[in-house]
1. Can you work out ³J(HN,Hα) from phi for every residue in segment 85-93, in order, using Karplus 6.51 cos²θ - 1.76 cosθ + 1.60 and θ = phi - 60°, giving whole Hz and x for Gly and Pro?
2. Using the per-residue mean of other Cβ atoms lying within 10 Å as a proxy for protection, in what order, highest first, do the peptides 119-127, 83-91 fall?
3. Using a basic spin-label model with each label point 7 Å from the Cα along Cα→Cβ, how many nm lie between Arg13 and Phe68?
4. So how do 31-43, 55-67 stack up, highest first, on mean other-Cβ count within 10 Å?
5. With θ taken as phi - 60° and the coefficients 6.51, -1.76 and 1.60, list the Karplus ³J(HN,Hα) couplings across segment 53-69 in order, rounded to whole Hz; mark glycine and proline as x.
6. With an 8 Å cut-off on Cα pairs and a minimum separation of 6 or more residues, tell me the relative contact order of the chain in percent.
7. Please list the three semi-axes, largest first and in whole Å, of the ellipsoid equivalent to segment 30-70, using sqrt of 5 times the eigenvalues of its alpha carbon gyration tensor.
8. At a temperature of 20 °C and a viscosity of 1.002 mPa s, determine how fast segment 71-132 diffuses translationally according to Stokes-Einstein, using the Kirkwood radius over alpha-carbon pairs as Rh; express D in µm²/s, rounded to the nearest whole number.
Amino acid sequence: MSVNDPIGDMLARIRNAQERGKSKVAVPHSRLRENVLNVLQSEGFIRGFAVVQQGGNKAEIEVELKYFDGAPVIRELNRVSKPGRRVYVSVGTLPTVYNGLGISILSTPKGVMSDSDARAQNVGGEVLCTVF
């Protein structure tokens, strides 16, 4: 099956797994997905993730979801920049999510990072998603 939006697919899998109360979810491996999950882990939205090798040269990422008092830590997970409409921002126009309680994940020339890291490094880029 061909996926046109791999990041959107990963975010949908995470949302669906949290709705069902699952502790782990598997997504196909790519470096971009791994970098986005790295930002989610460093910001405390997921417990962690591990790359699991499948048969041949295929790999999956097993994401360990995080819950607090039985409710998912991630309340909203929205895709901003889509294949049909790319959204680019400069460092001066970086969006704040829920007055700073959430984060935006950006793909910048210096790598995938959160909006606070992008402000600190004075760099803009493509807004991949917002998390709250």
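The values are calculated or read from the model by the stated rules, or taken from the named source; none is laboratory data. Because the structure is predicted, anything quoted here is derived from the model rather than measured. FYI the Cβ positions are ideal-geometry reconstructions off the backbone, even for glycines, and counts take in every protein chain you see. All accessible areas refer to the heavy atoms of the entire protein, side chains included, with ligands and DNA or RNA removed. Shrake-Rupley method; radii C 1.70, N 1.55, O 1.52, S 1.80 Å.
1. 8, 7, 10, 10, 9, 8, 5, x, 10
2. Working: 119-127: 15.8, 83-91: 11.6.
In decreasing order of mean packing, 119-127, 83-91 become 119-127, 83-91.
3. Each label point lies 7 Å from its Cα, and together they span 2.6 nm.
4. Numbers: 31-43: 17.2, 55-67: 13.4.
Taking the mean over residues of other Cβ atoms within 10 Å, the ranking is 31-43, 55-67.
5. 7, 9, x, x, 10, 8, 9, 10, 10, 9, 9, 9, 7, 10, 10, 9, 6
6. Values: 219 pairs, mean separation 30.3, N = 132.
Answer for the chain is 23 percent.
7. Details: eigenvalues 102, 31, 5 Å².
Each semi-axis is the square root of five times an eigenvalue, giving 23, 12, 5 Å.
8. Details: Rh = 11.7 Å.
The Stokes-Einstein estimate is 183 µm²/s.
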